[in-house]
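What follows is a short report on a single structure.
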Amino acid sequence: MEKAFKNEIKSQFPYLSNSKILLAVSGGVDSVVLAHLCKIAKLDFTLAHCNFNLRDEESDADEDFVAALAKKLNVKLFVENFDTEQYAKDNSMSIQMAARDLRYEWFEELRLKHQFDFILTAHHANDSLETFFINLIRGTGLEGLSGIKADSNYIIRPLLNFSRKEILAYAEENKISWREDSTNASTKYLRNKIRHELVPVLEEINPQFLETFLKTQSHLKENEELIEDYLSLLYPKIIGKTEYGYSLDINYLKKVPNSSAILYQLLKSFGFTEWNDVYHLLDAQPGKMVFSTSHRLIKDRDYLLLTEIDKTEDKVYKIAKNEDFAMLPMGTFSFSEVKEINYKRSNCIYINPEKLEFPLTVRKWQQGDIFYPFGMKGKKKLSDFFKDKKLSLPEKENSWLLCSGEKIVWVINQRADRRFSITSSDQKIIKITFSL
């Protein structure tokens, strides 16, 4: 295995030979063997051990074991203790997910603080097999079936082509000791249930099942790469950047084969789960929406509009009298006295200051708002005004109003209210300009 490991480093991860490495070690056989192999390969590495304090004396004994291992290998060691149960409770997640989050957050902190080039973990072929079944059971796309990535940003997994059986055999042959996590034998966890109950049955049917599976997974990875190449060609023809997110061309989507699969691939990273609802948007009425926890997809005539969900409450901002500038989150207002009027620019209006009630307020529009559009007769509901202008829902939602008391002075950058317009008898003219 030593020769195979060196060949793996040379062929797949040659950059590790000249890198500063942080190696995650739990004390289990996989990570302990990885540490020994890295020492034999003469890599520059430091150990990192997480004590999750989940097994009382066992957890502390694991920590002591890893400290002894670091001393034996003559390498440095970082250790961190976590209150995993409290973290899981505070964040409403499982113990396993809490431990994962804590582990990788700490590894990343160490990487940045101590300038490590890469983080090594001891995931192996059986881990990839188990992850395949976990994703299959829970429901997934092609990326969930194509396996754990050997190289993911700064995280490298050099044992993915080695089986648990090979790792155990190497440890026993070289009299390498390790710690056995007692929870690994429990089948109350899904991963362990797959490991102890499902995989043995499959190996009984096909003794070479792991090797067969790895070949199949290799084909899945190749297909995933092929799809990514295809999507890179389609992306600029389907996706457009908008002021508030992205637009997807419905007419083009309907022309391409397997439009549902294309939609899934384009939107899978935005947290959507109700995929049938997403696919049905292509033929839905304008205004229909589908939500994820972070985004929403809106049918708007010829496009699907993807926007982030604004979780902040609408706020009202005030502008005091005699302010020359007002810098607000949506942009900057400037006030200046002028002698002439130029109505050609949409980002400014001209007002008789005596008609204003201070402080002015800036807010988003609301259902029921009405104003008296400059250049038109009578009053108009803002909802009708937006409809006439054929604004999309995101454009409506991000429309801001400049108000004087309860009256709308300006639908900013769109239309002024004629009740505040300049007349021939006005002696003083204030120009209000809005800029992003």
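In the stretch 288-334, which trypsin sites (Lys or Arg not before Pro) fall in coil by DSSP and have 12 or fewer other Cβ atoms within 10 Å?
In loop regions of the stretch 288-334 (DSSP not H, G, I, E or B), the sparsely surrounded trypsin sites (Lys or Arg not before Pro) are ARG301, LYS311, LYS315, LYS321.
To the nearest 20 debye, what charge dipole does the stretch 41-182 have about its Cα centre, counting +1 at the Cβ of each Lys and Arg and -1 at the Cβ of each Asp and Glu?
It works out to roughly 540 debye.
What does the charge add up to near LYS113, with Lys and Arg as +1, Asp and Glu as -1, over the other residues with Cβ less than 15 Å from its Cβ?
Computed value for this residue: -2.
For LYS71, which lysines qualify as cross-link partners when the Cα separation must be under 20 Å and same-chain residues fewer than eight apart are set aside?
LYS20, LYS39, LYS42, LYS175
If the viscosity is 1.306 mPa s and the temperature 10 °C, what translational diffusion coefficient in µm²/s does Stokes-Einstein give for the stretch 238-373 when Rh comes from Kirkwood over Cα pairs?
Answer from the Stokes-Einstein relation: 85 µm²/s.
Treating the beta-carbon of each Lys and Arg as +1 and of each Asp and Glu as -1, no other charges, what is the dipole magnitude of the chain about its Cα centre, to the nearest 20 debye?
2260 debye
Only one of the listed values, (i) 41; (ii) 31; (iii) 48, was derived from the coordinates as percent of Cα pairs over 38 Å apart; which label is it?
Correct label, based on the coordinates given: (iii).
What residue among ASP62, ASP417, ASP90 has the largest mean-square fluctuation in a Gaussian network model of the chain, using Cα springs under 10 Å?
Ranking ASP62, ASP417, ASP90 by mean-square fluctuation puts ASP90 first.
Just tell me which aspartates and glutamates come within less than 18 Å, Cα to Cα, of LYS268; anything on the same chain fewer than 8 places away is out.
GLU143, GLU224, GLU225, GLU228, ASP229, ASP249, ASP277, GLU308
Identify the GluC sites (Glu not before Pro) of the stretch 220-300 meeting these criteria: DSSP loop state and at most 13 other C-beta atoms within 10 Å of the C-beta.
GLU243, GLU274
As I understand it, the value is the acute angle between the Cα axis of helix 29-40 and the longest principal axis of the Cα atoms of the chain; what does it come to in degrees, rounded to 10?
80 degrees
Per the helix-only calculation at 222 nm, which mean residue ellipticity applies to the chain, given -39500 (n - 2.57) for every DSSP H run of n ≥ 4 and division by its residues, nearest 500 deg cm²/dmol?
So the calculated ellipticity at 222 nm is -11500 deg cm²/dmol.
Would you tell me the accessible area of PHE325, worked out with a 1.4 angstrom probe on the heavy atoms of the protein chains, in Å² to the nearest 10?
Accessible area, nearest 10 Å²: 140 Å².
If you place +1 on the Cβ of every Lys and Arg, -1 on the Cβ of every Asp and Glu, and leave all else neutral, what size is the dipole of the stretch 294-436 about its Cα centre, to the nearest 20 Debye?
Value, rounded to 20: 460 debye.
Mind listing the phi-derived Karplus ³J(HN,Hα) values for the stretch 252-267, rounded to whole Hz, using 6.51, -1.76 and 1.60 with θ = phi - 60°, and x for any glycine or proline?
Karplus-based 3J(HN,Hα) across the stretch 252-267 equals 5, 4, 5, 7, 7, x, 6, 4, 5, 5, 5, 4, 4, 5, 6, 10 Hz.
Given a 1.4 angstrom probe, I'd like the percentage of the accessible area of the chain that is carbon and sulfur, rounded to a whole number.
49 percent
Go through the stretch 290-295 residue by residue and turn each phi into a ³J(HN,Hα) via Karplus (6.51, -1.76, 1.60, θ = phi - 60°); whole Hz please, and just put x for glycine and proline.
Per residue, the Karplus-derived 3J(HN,Hα) values read 10, 10, 10, 5, 10, 9 Hz.
Return one number: the angle in degrees, 0 to 90 and rounded to the nearest 10, between the long axis of the Cα atoms of helix 95-114 and the longest principal axis of the Cα atoms of the chain.
The angle comes out at about 80 degrees.
How large is Rg over Rh for the stretch 1-109, taking Rg from the Cα atoms and Rh as the Kirkwood inverse mean of 1/r across Cα pairs?
Reported Rg/Rh (Cα atoms, Kirkwood Rh): 1.02.
Sort ILE430, ILE95 by accessible area with a 1.4 Å probe, largest first.
From most accessible down to least: ILE95, ILE430.
At a probe radius of 1.4 Å, what is the per-residue accessible area of THR293, in Å² to the nearest 10?
Answer for THR293: close to 110 Å² accessible.
Using only Cα atoms, tell me the angle between helix 125-138 and the longest principal axis of the chain; keep it within 0 to 90° and round to the nearest 10.
Roughly 40 degrees, rounded to the nearest 10.
Beyond a 27 Å Cα-Cα separation, which of these cross-linked pairs lie in this structure: LYS237/LYS364; LYS241/LYS288; LYS377/LYS407; LYS288/LYS379?
LYS237/LYS364; LYS288/LYS379
Got a sec to turn the phi values of the stretch 393-400 into Karplus ³J(HN,Hα) couplings, 6.51 cos²θ - 1.76 cosθ + 1.60 with θ = phi - 60°, whole Hz, x for Gly and Pro?
Values, residue by residue: 4, x, 5, 5, 5, 9, 8, 10 Hz.
Where does the charge balance sit around GLU397 when Lys and Arg score +1, Asp and Glu -1, over other residues with C-beta under 11 Å from its C-beta?
Cβ neighbours under 11 Å give a net charge of 0.
If DNA, RNA and ligands are ignored and the probe is 1.4 Å, what is the ranking of LYS165, LYS193, LYS431 by accessible area, most exposed first?
I get LYS165, LYS193, LYS431, largest accessible area first.
Which percent, to the nearest 5, of DSSP beta bridges fully inside the chain are antiparallel? Could the numbers behind the result be given before it?
Details: 51 of 66 bridges.
The antiparallel fraction comes to roughly 75 percent.
Could you list which residues have their amide H under 5 Å from that of GLY28, counting only those 5 or more apart in sequence or on another chain, with H placed in the peptide plane?
When sequence neighbours closer than 5 places are left aside, the close amide H contacts are ARG179.
Specify whether the C-alpha gyration tensor of the stretch 185-240 places it in the rounded, prolate or oblate class, a ≥ b ≥ c being the square roots of the eigenvalues: rounded for a/c under 1.5, otherwise prolate if a/b is larger than b/c and oblate if not.
oblate
The values are calculated or read from the model by the stated rules, or taken from the named source; none is laboratory data. Just so it is clear, the model here is predicted, and its values are computed rather than measured. Note that we place each Cβ from the backbone using ideal geometry, even for glycine, and neighbour counts take in every protein chain shown. In case anyone asks, the SASA skips ligands and DNA or RNA and just uses the protein heavy atoms, side chains included. Shrake-Rupley method; radii C 1.70, N 1.55, O 1.52, S 1.80 Å.
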